[in-house]
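To start, the structure under review is shown below, and the notes come after it.
The values are calculated or read from the model by the stated rules, or taken from the named source; none is laboratory data. Keep in mind the model is a prediction, meaning the values are calculated, not measured. Backbone-built Cβ (ideal geometry, glycine too); neighbour counts: all protein chains shown.
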Amino acid sequence: MGHLTQLLFHQMYVICVLLRDSLISCLYAFISNKSQSTYEELLQSIQNKCQELAFQSDPSTVITEFELAIISAVGSMFGPHTKSHDCFYHLMQNMWRKILSETCTSVLEER
């Protein structure tokens, strides 16, 4: 995320849907924090717009990053029939950051 975005918002969230064999980005949301209530407000806004447009907004699966707040918000907003899965890309990204952090720390401690 660019520096300007980091100054104005805490996170940019991208909502994608699977349409046949393609993943389509259909919504970009800038959010101010990563709290469960903020995610619930975002999901409620999406549900309201879907109802207004006569789209079904009852997903069977939601893929998120590894954050308890969004996972809890998905369960709260869509119910137990919606399965929440964690994104493999974000898992690898978090592992790589941890490896770099530990490596940098150990290198600095050796000096």
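The set of residues from segment 74-83 being surrounded by 13 or more Cβ atoms within 10 Å (Cβ to Cβ) and over 14 Å from SER57 (Cβ atoms) comprises GLY75, SER76, LYS83.
Conditions (1) of a type outside the set (Gly, Ala, Ser); (2) part of a loop (DSSP other than H, G, I, E, B); (3) under 14 Å from the mean Cα position of the chain (by Cα), marked per residue:
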{"position": "ILE24", "(1), (2), (3)": "yes, no, no"}
{"position": "GLN47", "(1), (2), (3)": "yes, no, no"}
{"position": "GLN51", "(1), (2), (3)": "yes, no, no"}
{"position": "GLN56", "(1), (2), (3)": "yes, yes, no"}
{"position": "ILE71", "(1), (2), (3)": "yes, no, yes"}
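Considering only residues that are free of Cβ contacts under 8 Å to residues at least 12 places away in the same chain and surrounded by 11 or more Cβ atoms within 10 Å (Cβ to Cβ), look in segment 49-66 and name the one that is nearest to MET77 (Cα to Cα). So the residue we want is SER57.
Of the residues making up segment 30-48, those that are crowded, with 16+ Cβ neighbours inside 10 Å and either touching a strand residue (DSSP E or B) at 6+ places or on another chain (Cβ under 6 Å) or over 23 Å from HIS10 (Cα atoms) (or both) number 2. When LEU108, LEU18, LEU7, LEU91 are screened for being at pLDDT below 90, among the aliphatic types (A, V, I, L, M), surrounded by 10 or more Cβ atoms within 10 Å (Cβ to Cβ) and over 15 Å from the mean Cα position of the chain (by Cα), only LEU18 passes. Look at LEU43 and say whether it is under 21 Å from GLN93 (Cβ atoms) and under 15 Å from the mean Cα position of the chain (by Cα). Here the answer is no, as LEU43 does not meet what is asked.
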